1. Filter the stretch 253-279 for residues that are surrounded by fewer than 18 Cβ atoms within 10 Å (Cβ to Cβ) and not in a loop (DSSP other than H, G, I, E, B) and give the result.
2. Which residue out of 282, 338 is in a strand (DSSP E or B) and either outside the structural domain of residue 362 (by TED's automatic domain parsing) or modelled with pLDDT under 95 (or both)?
3. Kindly list the number of the only condition in (1) within 21 Å of residue 290 (Cα to Cα); (2) in contact with a strand residue (DSSP E or B) (Cβ under 7 Å, 6 or more places away or on another chain); (3) surrounded by fewer than 24 Cβ atoms within 10 Å (Cβ to Cβ) that fails for residue 175.
4. Step by step: first the residues of the stretch 135-155, then only those that are part of a strand (DSSP E or B) and in contact (Cβ under 8 Å) with a residue 40 or more places away in the chain, then the one that is surrounded by the fewest Cβ atoms within 10 Å (Cβ to Cβ). Which residue is that?
5. Any chance you could count how many residues in the stretch 227-249 are touching a residue at least 60 places away in the same chain (Cβ under 8 Å) and under 21 Å from residue 126 (Cα atoms)?
6. Name, by its number, the condition in (1) assigned to a loop (DSSP other than H, G, I, E, B); (2) in the same structural domain as residue 39 (by TED's automatic domain parsing); (3) touching a helix residue (DSSP H, G or I) at 6+ places or on another chain (Cβ under 9 Å) that does not hold for residue 368.
7. Considering only residues that are within 25 Å of the chain's Cα centre (by Cα) and in a loop (DSSP other than H, G, I, E, B), which ones fall in the stretch 101-130?
8. Among the residues of the stretch 390-399, are any at pLDDT below 85 and closer than 25 Å to residue 321 by Cα?
């Protein structure tokens, strides 16, 4: 589809990106819309079902990943919110703000558990150790502060010589890394506050940090337009990833630590192989600055946040924007009023799929006459590799397998977001409704 193609790029090779941006402007917008200011940070829950976004409008929002709809608006901060992180249990999260505070949230009740207030200037970054018991926050008061999340109390403050933009736990939580305005990454034994080493290479400020799960590598981004990989044991630079043409603001790694994505001030995303230190493709994800990016747990999708006040979902393998809604959509939506037991479940399908072949195209293929149709057969639709060479039709059995096992298991690499229906009665009701609503009239 126009505007949804990965482009292989080198520094200075902007023509493809510009053309992609122009074509993308003709595609209807969708996304997680609701912020009244730039989206400064995005994070995905450990189970992949929810997204948290925070922004310059003081807002903290929780979204359903599949529906891309708002679940809760968490009220508590009194200034722009700069970063967010889920705890390992997925039921809590920590956010930090210009209001000099960090808040530990109960996501079930959408209310604060603790408000942490010892910083004396804006707080820019937050990380949580693998056990979910300790949070580290970094701020423009030139401190990193460690917090006991159970008690809601500060356990240690580490003073630095520069404002702190980024913090992350390394090597199973035994080391804390910090990066800031002076471009130096510092490694700490956070239990004692002792400096363990310094990593120097960024010419200007460090913006984000992330560690590979094995603790051997640390990845950093900076306002010097570079992404750098560091060896933690030897405290030396392994490689410099070059491809961005402006300050790099967002960074995320896959769970296996083999891939990274970064986003920059021009709204460009780069997808990197950390094994080869090469970009595997770039994508124009926002028209203006992109501030944040986060992988889903399965590594198939990323969520980006930008100056345009939206968060967007992208399928990495194809570069497709997922869940694209249609502006001024006047097509009938009978599932919204139907009493059929499968109609409520079908609403998720309608997010990405048109019913009729002659309807305006969405991010997924149309569903007309789905039952009995050969999988991967809609003409001019750009399928993922998972559906390029399949040799079966969409039968009740295959549709049931898709939802029972989950799309990522039934069709590895598919663009379909993760969703499962384990209740046999609900699954039968959905398939009955799909059969009913997608048959050609007459």
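The values are calculated or read from the model by the stated rules, or taken from the named source; none is laboratory data. Note that this is a predicted model, so its numbers are computed, not measured. Here the Cβ is made from the backbone with ideal geometry for all residues, glycine too, and neighbour counts use every protein chain on show.
1. Here is the first cut: in the stretch 253-279, the residues surrounded by fewer than 18 Cβ atoms within 10 Å (Cβ to Cβ) are 255-256, 258, 273, 275-278.
Result: 273, 278.
2. 282
3. (1)
4. Within the stretch 135-155, the first condition is being part of a strand (DSSP E or B), and the residues that meet it are 135-139, 143-148, 153-155.
Those still in the list that are in contact (Cβ under 8 Å) with a residue 40 or more places away in the chain too: 135-139, 144, 146-147.
Values: 135: 25, 136: 27, 137: 25, 138: 30, 139: 29, 144: 27, 146: 20, 147: 24.
Looking at residues that are part of a strand (DSSP E or B) and in contact (Cβ under 8 Å) with a residue 40 or more places away in the chain, I get 146.
5. Going through the stretch 227-249, the residues touching a residue at least 60 places away in the same chain (Cβ under 8 Å) turn out to be 232, 242-243, 245.
Okay, now just the ones that are also under 21 Å from residue 126 (Cα atoms), so 232.
Summing the residues that are touching a residue at least 60 places away in the same chain (Cβ under 8 Å) and under 21 Å from residue 126 (Cα atoms) in the stretch 227-249 gives 1.
6. Unmet for residue 368, out of (1) assigned to a loop (DSSP other than H, G, I, E, B); (2) in the same structural domain as residue 39 (by TED's automatic domain parsing); (3) touching a helix residue (DSSP H, G or I) at 6+ places or on another chain (Cβ under 9 Å): (2).
7. Matches in the stretch 101-130: 101, 107, 108, 109, 110, 122, 129, 130.
8. yes
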